[in-house]
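Trainee: One structure coming up, written as structure tokens, with questions to follow.
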Amino acid sequence: MTGGEVATLFTIYANNHESVTEGIEAIRASEQVRSVSQMATVFRQASIPKPGNATRELLVVHDGRKQISQPLTSRGFVCTGPIDIRDGREYWSLVTNHDRETARIKLDEVREQMSAEIHVRSMKQQNRGDAPTTLPVDQFTKRQLEVFQLAREMGYYEYPKETSAGELADELGITTSTLHEHLHKVEAILLGRDGLTWLE
């Protein structure tokens, strides 16, 4: 790629194929995008749970100078999983060997360089003796992961609990029974894993 162009693999999720098509056209219409290619349906063989009824793999060639990834990686941050883009916002999970204060300073530098609005949802420090194991995101649906991460962030798994199931359900706009259903499915997967450590 030349002139600052980069190629990025995206997965677009929607409730129906018409919405997928509308999403692709919206991507093509962006002045930052040079080309959009649809990948063959057999490109990814793994059966990953999908958050919608229709998905499409896209290879998008676009202006990389507007990406925030390089300013983050150049300051010692590494992305640990897929980047979730919803309602005009990007949700990242990052790891770094910086202490909390240095991490805040580095993020301030990125904010200034990219004129970016960055909000940190949570920051947790991993003990050096812990095993570097991450969440098995390929085994969760997008909604299960969202519910579980919010439960952890709001202290649902602390003792004593810092939030209730009802408060969590209200925050997510779902019923308490639906919340428990999501959490039980995630917990059933995690209980089969040893030495799990959370990296965010």
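Trainee: If Val137 meets every condition in (1) within 30 Å of Arg65 (Cβ to Cβ); (2) modelled with pLDDT of 90 or more; (3) among the β-branched types (Val, Ile, Thr) apart from one, which number is that one?
Mentor: (2)
Trainee: If you don't mind, there's one more thing I want to ask. List pairs: first in segment 79-104 and among the aliphatic types (A, V, I, L, M), second open to solvent by less than 90 Å² (accessible area, probe 1.4 Å) and assigned to a helix (DSSP H, G or I), Cβ under 9 Å, 6+ apart or cross-chain?
Mentor: Cβ pairs passing all conditions: Ile83/Ser69; Leu94/Leu72; Leu94/Ala103.
Trainee: Inspect segment 49-65 for any residue being modelled with pLDDT under 80, over 22 Å from Ser19 (Cα atoms) and open to solvent by 60 Å² or more (accessible area, probe 1.4 Å) and give the result as yes or no.
Mentor: Checking segment 49-65: at least one residue is modelled with pLDDT under 80, over 22 Å from Ser19 (Cα atoms) and open to solvent by 60 Å² or more (accessible area, probe 1.4 Å).
Trainee: Looking at (1) touching a Lys or Arg at 6+ places or on another chain (Cβ under 6 Å); (2) more than 18 Å from Pro82 (Cβ to Cβ); (3) modelled with pLDDT of 85 or more; (4) not charged (D, E, K, R), which one does Val20 not meet, given that it meets all the others?
Mentor: Val20 satisfies every listed condition except (2).
Trainee: Find the residue count for segment 103-123, including only residues that are assigned to a loop (DSSP other than H, G, I, E, B) and either open to solvent by less than 80 Å² (accessible area, probe 1.4 Å) or of a type in the set (A, V, I, L, M) (or both).
Mentor: The qualifying residues number 5.
Trainee: From the list Gly81, Gly3, which one is in a loop (DSSP other than H, G, I, E, B), open to solvent by less than 70 Å² (accessible area, probe 1.4 Å), more than 23 Å from Arg121 (Cβ to Cβ) and modelled with pLDDT under 80?
Mentor: Numbers: Gly81 fails: more than 23 Å from Arg121 (Cβ to Cβ).
The match here is Gly3.
The values are calculated or read from the model by the stated rules, or taken from the named source; none is laboratory data. Since the structure is predicted, the reported quantities are computational estimates derived from the model, not experimental observations. Because the Cβ atoms are built from the backbone with ideal geometry, glycine has one as well, and the counts that use them run over all protein chains shown. To get the accessible areas, we keep the full protein, side chains included, count just its heavy atoms, and leave off ligands, DNA and RNA. Shrake-Rupley method; radii C 1.70, N 1.55, O 1.52, S 1.80 Å.
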